[in-house]
Amino acid sequence: MSTFQDLGLNQDLLQAISDLGFTKPSEVQAKAIPILLEKELDLVALAQTGTGKTAAFGFPMLQKIDVNSRTTQGLILSPTRELCLQITNELKQYGKYCKGLNVVSIYGGSSITDQARDVKRGAQIIVATPGRMKDMINRRLVDISKIEYSVLDEADEMLNMGFYEDITSILSHTPDEKNTWLFSATMPKEVATIAKKFMNNPTEITVGSKNVSSENVKHEYYLVNSRDRYLALKRLADLNPNIFSVIFCRTKRDTQKVAEKLIEDGYSAGALHGDLSQNQRDLVMKSFRNKQIQMLVATDVAARGIDVDNITHVINYQLPDEIETYTHRSGRTGRAGKKGVSIVIASKSEVRKIKGIERIIKKTFDKKDVPSGMEICEVQLVSLANKIHTTEINSEIDPYLENINSLFENTTKEELIKKFFSVEFTRFYNYYNNSKDINQSGGDDSSSYNENATRYFINVGKKDGYDWMQLKDFLKEVLELGQDDVFKVEVKDSFSFFNTDVKHQPKVLEFFTDFKQNGRFVNVEISEDRGGGRSRNRNKRRDNRSSSRSGGSRRSGGSRNDRSGSGGNRRSSSKNSGNSRPRQSRR
Ligand code: AMP
């Protein structure tokens, strides 16, 4: 096992490393640093986030640049402002003994004039997001014509975010003879294209296997009906009282909604998505880093820059479309040698996708049962007992003890303990007592009959370019409904079916009274067959509608039968399926 001394780093850097308390190089550092120090070459390094990548390119760059010159010699492109700031901070710490070093970060959402001024003072290294960098080049506020080292950090993320054009344009302003070091967690073909196009016979190093998830991350999934996702999420949070997690949703709306619901229900949660202002995002991230927020609900794009250590759980509230996105998500936990869990709250239709992920990441998911209410009560009780056991006594309560003691004069220790714990336990007990089992088992999701659901026919299908997920997203969007409010979406060639809770029925029918898409009426009617929902009032509804609409592409006559499911398997209702949870004093 090599040491930092073995890697060939100079004294200034070794001193900083010692100050930081790094005892031995991480794998990517041990592999990359000697090569980059010894040779002038291009490098492709495949490494997950959290593996010490910044130091792997940072140390060699700091050692190679001339700090006595004010010329910009190193350029690091990274996908987000968060990451830019983080890399800049790390480099400043690593280079704290490199006298004269000036590292400047440039990113959108902050004053371009201030950043230009900082660069003008003589930045040997610039850390930038592609968008702002391109902007500054166009305005001639930076000169990168003498760059010797360029780093494309989180290259896959940058390309995912659509920065290909910006990156190519930026690189065209740099000298051909520079060295390019590309770091990426995954190697999709877009990254391979960049490597081929802009790099000269790059040396490749891989930390772990490509696309393989970290050894420190366990993968689990919980199978629930899609409408019970939120209930499952709450139970998982309650089962892990010290949870510190990122919860991923697919859309900004769902992200906001889930976060709002969690907050309403007494959890310390926050939302992070692109509809928030930079200021709001900064505040949320600050609270998350300080652990004032235990659960950060985020979209993939907004979470890209997150580099927070000690995340205990990544929760996939919904699975992403791309398997590689799952790798990114789960890479947020299990960092810096810590253990982590990546959880998927899955519906039946997503199980196949989980199998696909298993093949790619070469890890098996454990199928777990959503805990029962009583299991959660027990965990909460034990957690409270441990907390009390390790609590330091605050002597400020001494003056009040006399009164308290006299109140409990005739109470035995056993009784007192029971009473004390009952305060917290009863809260959870009342909430979870008689709570339903929300685990899904066997059969198809579409076979469960729900008497509170309405099943609809809609005259768009595969021919209109929809798959079930796209149709669901479309319906949620136009109807302003949440992720789990539209379910059992089944797409046929020229028509489809979907369910909503009965309470949304008037809204759905009203909305589609005269809704046109591409010049054609989109027609929604209540389906005759249950297919998981309840048929009602079809004829009445159709009569109403035929008077309010002319022509269009409505199918004529016949019933809109959903042949997918056959009812049965009625779910038991629960008194306790409400949203509110017992508020805990700590929240
Ligand atoms: P990175 O992958 O560069 O984002 O690094 C992840 C975290 O690991 C950062 O907080 C670094 O400060 C830390 N780190 C980097 N290298 C080492 C090392 N050799 N030993 C311990 N921690 C490290």
Just checking, how many residues over the range 179-197 are part of a helix (DSSP H, G or I), open to solvent by less than 10 Å² (accessible area, probe 1.4 Å) and farther than 15 Å from Ser150 by Cα?
-> 1
From Val370, Val379, grab the single residue that is in contact with a strand residue (DSSP E or B) (Cβ under 8 Å, 6 or more places away or on another chain) and surrounded by 15 or more Cβ atoms within 10 Å (Cβ to Cβ).
-> Val370
Looking only at the range 107-129, decide whether some residue is over 19 Å from Leu36 (Cβ atoms), part of a strand (DSSP E or B), open to solvent by less than 30 Å² (accessible area, probe 1.4 Å) and more than 16 Å from the ligand (Cβ to nearest atom).
-> yes
Mind listing whichever residues of the range 92-106 are within 16 Å of the ligand (Cβ to nearest atom) and within 24 Å of Ala302 (Cβ to Cβ)?
-> Ser105
Going by the structure shown, is Val142 open to solvent by 10 Å² or more (accessible area, probe 1.4 Å) and either modelled with pLDDT of 95 or more or in the same structural domain as Asp307 (by TED's automatic domain parsing) (or both)?
-> yes
Screening Thr72, Thr88, Thr54 for residues that are assigned to a loop (DSSP other than H, G, I, E, B) and surrounded by 21 or more Cβ atoms within 10 Å (Cβ to Cβ) leaves only Thr72
Lone unmet requirement of (1) surrounded by fewer than 20 Cβ atoms within 10 Å (Cβ to Cβ); (2) at pLDDT 90 or above for Val212 | (2)
Could you tell me whether the range 329-336 includes any residue that is on the phi > 0 side of the Ramachandran plot and crowded, with 17+ Cβ neighbours inside 10 Å?
-> yes
Selection count, the range 73-89, where residues are away from the ligand (no atom under 11 Å from the Cβ) and either in contact with a Pro (Cβ under 9 Å, 6 or more places away or on another chain) or small (Gly, Ala, Ser) (or both) = 3
Within the group Lys339, Lys353, Lys362, which residue is in contact (Cβ under 8 Å) with a residue 24 or more places away in the chain and at positive phi?
-> Lys362
Residue list for the range 337-349, filter: open to solvent by less than 10 Å² (accessible area, probe 1.4 Å) and away from the ligand (no atom under 16 Å from the Cβ) = Ser342, Ile343, Val344, Ile345, Ala346, Ser347
By residue number, the members of the range 454-493 that are small (Gly, Ala, Ser), farther than 21 Å from Thr513 by Cβ and more than 24 Å from the chain's Cα centre (by Cα) are Gly465
Would you say Ile263 is β-branched (Val, Ile, Thr) and either surrounded by fewer than 23 Cβ atoms within 10 Å (Cβ to Cβ) or at pLDDT below 95 (or both)?
-> yes
Hey, Asp321 within 16 Å of the ligand (Cβ to nearest atom), surrounded by fewer than 20 Cβ atoms within 10 Å (Cβ to Cβ) and under 15 Å from the mean Cα position of the chain (by Cα) or not | no
Note on the range 91-103: residues free of Cβ contacts under 8 Å to residues at least 40 places away in the same chain and either surrounded by 22 or more Cβ atoms within 10 Å (Cβ to Cβ) or among the acidic types (Asp, Glu) (or both) are Leu91, Val103
List the number of the failed condition for Ile65; all other conditions in (1) closer than 29 Å to Ser330 by Cα; (2) open to solvent by less than 20 Å² (accessible area, probe 1.4 Å); (3) out of contact with any helix residue (DSSP H, G or I) (no Cβ under 9 Å at 6 or more places or on another chain) hold.
-> (1)
Taking into account only those residues within the range 2-13 that are farther than 21 Å from Leu43 by Cβ and more than 12 Å from the ligand (Cβ to nearest atom), which is surrounded by the most Cβ atoms within 10 Å (Cβ to Cβ)?
-> Asp12
Considering only the range 296-372, give the strands (runs of 3 or more DSSP E) lying wholly within it that have at least 2 residues that are of a type in the set (A, V, I, L, M).
-> 313-316, 340-346
Of the residues that sit in the range 18-35 and are closer than 16 Å to Gln63 by Cα, hydrophobic (A, V, I, L, M, F, W, C) and open to solvent by 10 Å² or more (accessible area, probe 1.4 Å), which one is farthest from the ligand (Cβ to nearest atom)?
-> Ile35
Which of (1) without any contact (Cβ under 8 Å) to a residue 24 or more places away in the chain; (2) open to solvent by less than 20 Å² (accessible area, probe 1.4 Å) is the odd one out, the single condition Leu233 does not satisfy?
-> (1)
Looking at the range 88-95, is at least one residue under 25 Å from the mean Cα position of the chain (by Cα), on the phi < 0 side of the Ramachandran plot and among the polar types (S, T, N, Q)?
-> yes
Result of the Cβ filter at 6 Å on the range 183-201, keeping first residues that are assigned by TED's automatic domain parsing to the domain that holds Ala155 and under 14 Å from Thr168 (Cα atoms) and partners that are outside any helix (DSSP H, G or I) and small (Gly, Ala, Ser), at least 6 apart or interchain, is Val191/Ser184
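The values are calculated or read from the model by the stated rules, or taken from the named source; none is laboratory data. None of the values given here were measured: they were computed from a predicted structure. In this analysis, Cβ positions are derived from the backbone assuming ideal geometry, glycine residues included, and neighbour counts consider all displayed protein chains. Accessible surface is based on the protein model in full, side chains and every heavy atom, while ligands, DNA and RNA are left aside. Shrake-Rupley method; radii C 1.70, N 1.55, O 1.52, S 1.80 Å.
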